[in-house]
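Note sheet for the following structure.
The values are calculated or read from the model by the stated rules, or taken from the named source; none is laboratory data. Please read these numbers as outputs of a predicted model, since none were measured by experiment. Ideal geometry is used to build each Cβ from the backbone, glycine not excepted, and the neighbour counts take in all protein chains shown.
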Amino acid sequence: MYNLEEIRQDFPILGRQVYNRPLVYLDNAATTQKPRCVVEAIAEEYYSVNANVHRGVHYLSQQATDLHEDARNRVKDFINARSAAEVVFTRGTTESLNLVAASFGEAFLKEGDEVILSVMEHHSNIVPWQLLRERKGIVIKVIPMDEVGNLCLDVYETLFSERTKLVCVAHVSNVLGTVNPVEEMARTAHKYGAFFLVDGAQSVPHFKVDVQQLNCDFLTFSGHKVYGPTGIGVLYGREELLERMPPYQGGGEMIARVTFEHTTYERLPYKFEAGTPDYVGSHALAVALDYVTRLGMDNIAAHERELTRYAMKRMREIDSMKLYGETVGKDAVVAFNVGDIHPLDLGTLLDRLGIAIRTGHHCAQPLMARCGVEGMARASFALYNTKEEVDVLVEGIKRVSRMF
Ligand code: PLP
């Protein structure tokens, strides 16, 4: 049913060599590789359908529009949104978060209002709120975490006040792999009259995410992390909230009628999609979502969890190994340091062995500060990785260790 050998054939890049060694690609939290069907969908659309969407009466424009809107429907089904109007296409998670900060911030937040984030957020879910703080004088509060990488939910409850308007939390930490209990956290937020945003950049690629089950008000994710192309992403927003939010950018596509005196805006979701959208990207993203749906999100999750468990076990064999994030049920990320080897040296030497991992602060400097380090090495897994690749990583780390 889950035939890894066959699956890997779908990803031509996995067959290539680097430095005359087979590529071992373990940087999937940064971006995933693309299956043939996604690349072919892009080529096929440019070769035989390409035309600007929503604008033309001609055949190609209508066909391109159909593909784009069909993609929106497929995203809607994938995350179980109530309607396609709740699916806004963006450039990625970062743009989705900036859109919410700017537009929700404009409509709902006044000086002194509070937004709660967590200590393990990606910079993309920190800096937009700081920009808003500079503009509007909002207050940012931070949920701490314990030693193994769980958010402190008891402290979380104490952060709420009558000024709390929004909580924004990563579903899965891109460093620790912690799967945060966002369903429960959203319940708490709603109890205090606040809205809840889930940064799904690292969850949507790995397991089934259902916005109605989570009962979140916003969900963000990036196409390129879920086997789709770069430059396309999604903001899911509850329809009644999106209705009350002003446009994020102005331009074509987002207007109903323009005069120099007054402009009215398009209905949802177009109000938030100024300019020509990445209609080829949206279609290719839908093809990627179909691909993972065919494999089965539960099968992918089971495979990756097993791989993560195996990697954690094997990593513990290594002398002076320090692992970050040891929560139960952690997702497909293993962050570590070995002795006093600088993570950059570790990453560079592993690269020479054909092993691609990430090193540095992983766009989570506050989390690095919490862990008392400048940086870490990180291996992150995708649906096509194998236990043999984990073994190559472990042997590679041991070899680099011996050199030091
Ligand atoms: N949030 C999380 C948890 C991430 O892991 C990332 C990317 O690594 C982002 C946000 C930003 O995603 P993007 O660069 O695709 O906008």
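Every condition in (1) within 19 Å of MET245 (Cα to Cα); (2) outside any helix (DSSP H, G or I); (3) within 11 Å of the ligand (Cβ to nearest atom); (4) β-branched (Val, Ile, Thr) is met by THR94 except one, and the failing one is (2). Mind checking whether some residue in segment 191-204 is under 23 Å from PHE160 (Cα atoms), within 16 Å of the ligand (Cβ to nearest atom) and of a type in the set (Asp, Glu)? Checked segment 191-204: at least one residue is under 23 Å from PHE160 (Cα atoms), within 16 Å of the ligand (Cβ to nearest atom) and of a type in the set (Asp, Glu). Within segment 219-232, the set of residues being over 14 Å from SER203 (Cα atoms) and either touching a His at 6+ places or on another chain (Cβ under 6 Å) or near the ligand (Cβ under 9 Å from one of its atoms) (or both) comprises THR230 only.
The residues in segment 55-91 that are closer than 18 Å to GLU266 by Cα and within 16 Å of the ligand (Cβ to nearest atom) can be counted, and the count is 3. Cβ-Cβ distances below 7 Å connect the following pairs, each with a first residue in segment 122-138 that is without any contact (Cβ under 8 Å) to a residue 60 or more places away in the chain, a second residue that is more than 16 Å from the ligand (Cβ to nearest atom) and part of a helix (DSSP H, G or I), and a separation of six or more residues or different chains: LEU132/GLY105; LYS136/GLY105; ILE138/LEU132.
If you go through segment 125-140 and pick out every residue that is under 22 Å from the mean Cα position of the chain (by Cα) and buried (at least 16 other Cβ atoms within 10 Å of the Cβ), you end up with 6. Of the candidates ASP210, ASP154, the single residue that is surrounded by fewer than 18 Cβ atoms within 10 Å (Cβ to Cβ) and within 21 Å of ILE140 (Cβ to Cβ) is ASP154.
Of all the listed residues (VAL38, VAL75), the sole one being within 30 Å of LEU393 (Cα to Cα) and part of a helix (DSSP H, G or I) is VAL38.
Among the helices (runs of 4 or more DSSP H) confined to segment 161-278, the ones with at least 1 residues that are under 27 Å from VAL148 (Cβ atoms) and β-branched (Val, Ile, Thr) are located at 182-191. Looking only at segment 302-330, residues that are over 19 Å from HIS361 (Cα atoms) and either in contact with a helix residue (DSSP H, G or I) (Cβ under 7 Å, 6 or more places away or on another chain) or not hydrophobic (A, V, I, L, M, F, W, C) (or both) come to 20 in all.
The single residue among ARG21, ARG72, ARG82 that is under 25 Å from LEU295 (Cβ atoms) and at pLDDT 95 or above turns out to be ARG72. The set of residues in segment 356-395 being of a type outside the set (Asp, Glu), assigned to a loop (DSSP other than H, G, I, E, B) and either buried (at least 23 other Cβ atoms within 10 Å of the Cβ) or away from the ligand (no atom under 13 Å from the Cβ) (or both) consists of ILE357, HIS362, ALA364, GLY372, VAL373, GLY375, PHE381, ALA382, LEU383, TYR384, ASN385, THR386.
Against the numbered list (1) under 18 Å from HIS224 (Cβ atoms); (2) out of contact with any Phe, Trp or Tyr (no Cβ under 9 Å at 6 or more places or on another chain); (3) exposed (fewer than 14 other Cβ atoms within 10 Å of the Cβ), SER48 comes up short only at (1).
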